[in-house]
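What follows is a single structure, written as structure tokens, with notes after it.
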Amino acid sequence: MRNFCAAAVALLLLAACAMPGFLLPASDLEFSLSARIAIRYGDEAASGNLAWRHGVRSDELLLTSPLGQGMARITRLGDEITLVAQDGRESRATNAESLTEQVLGFRLPLLGLADWVRGRAASQPTPAPTRERRDAVGRLAELEQSGWKIRYLEYAGALPSRLMLSYPGVELSLAIAQWQ
């Protein structure tokens, strides 16, 4: 029995360390980042890690549990969004927010988020910001755009390192650990 328990614990630790790798090539890469993410939606809450590669025509986000197990892979190639859930189910759409809400239970604003994490308002096709507030150094402190309110809690140099995004019924916290 002791050997069985030791083997089970070893397998669990091995599975927890397995982090899925990126599938998309880094040819059009504008940035990549890794962050901790906390999500609150309705009465639900979850936390984990986010690894993201963003390019002009593509995105790939890997959402993993705090122990590194894959929860979801979201890819964007042009206008097509694909979400592969933890159980292997694949869903496709042209709108990331509605797809993530349908499959994961919360909205992820993929189009705006690529600009927001870099401390700037999103460009087209997102509507112009309804409100901006800057800090004493001129960096964004708060932004409202596309129904989302983004608060910049901390910067590491010119780039944000902690953000709070809220939308009716959803709150996302990002703590960016690494930029490339």
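The values are calculated or read from the model by the stated rules, or taken from the named source; none is laboratory data. Values in this document were obtained by computation on a predicted structure and should not be read as measured data. All Cβ positions, glycine included, derive from the backbone under ideal geometry; neighbour counts span all protein chains shown.
The residue that is modelled with the lowest pLDDT, counting only those in the stretch 130-157 that are out of contact with any helix residue (DSSP H, G or I) (no Cβ under 6 Å at 6 or more places or on another chain) and part of a loop (DSSP other than H, G, I, E, B), is THR130. When ARG107, ARG120 are checked against the criterion of being touching a residue at least 40 places away in the same chain (Cβ under 8 Å) and within 21 Å of LYS149 (Cβ to Cβ), ARG107 stands alone in meeting it. Within the stretch 100-120, restricting attention to residues that are in a loop (DSSP other than H, G, I, E, B) and more than 19 Å from TRP179 (Cα to Cα), which residue is farthest from the chain's Cα centre (by Cα)? Per the stated criteria, the residue is GLY105.
Out of everything in the stretch 57-94 that is of a type in the set (D, E, K, R) and at pLDDT below 90, what residue ends up being nearest to GLY105 (Cα to Cα)? Among those residues, the one meeting the criterion is ASP79. Among the residues of the stretch 158-177 satisfying the criterion of being modelled with pLDDT of 95 or more and over 18 Å from ALA46 (Cα atoms), which is surrounded by the most Cβ atoms within 10 Å (Cβ to Cβ)? Among those residues, the one meeting the criterion is PRO160. Among the residues making up the stretch 107-121, those that are closer than 18 Å to LEU50 by Cβ and surrounded by fewer than 22 Cβ atoms within 10 Å (Cβ to Cβ) are LEU110, LEU111, ALA114, ASP115, ARG118, GLY119. Residues of the stretch 123-157 that are among the β-branched types (Val, Ile, Thr) and surrounded by fewer than 14 Cβ atoms within 10 Å (Cβ to Cβ): THR130, VAL137. Candidates are the residues of the stretch 30-80 that are outside any strand (DSSP E or B) and polar (S, T, N, Q); the one that is nearest to LEU174 (Cα to Cα) is SER65.
Of all residues in the stretch 83-99, which are of a type outside the set (Asp, Glu) and in a strand (DSSP E or B)? Hits for the stretch 83-99 are LEU83, VAL84, ALA85, SER91, ARG92, ALA93.
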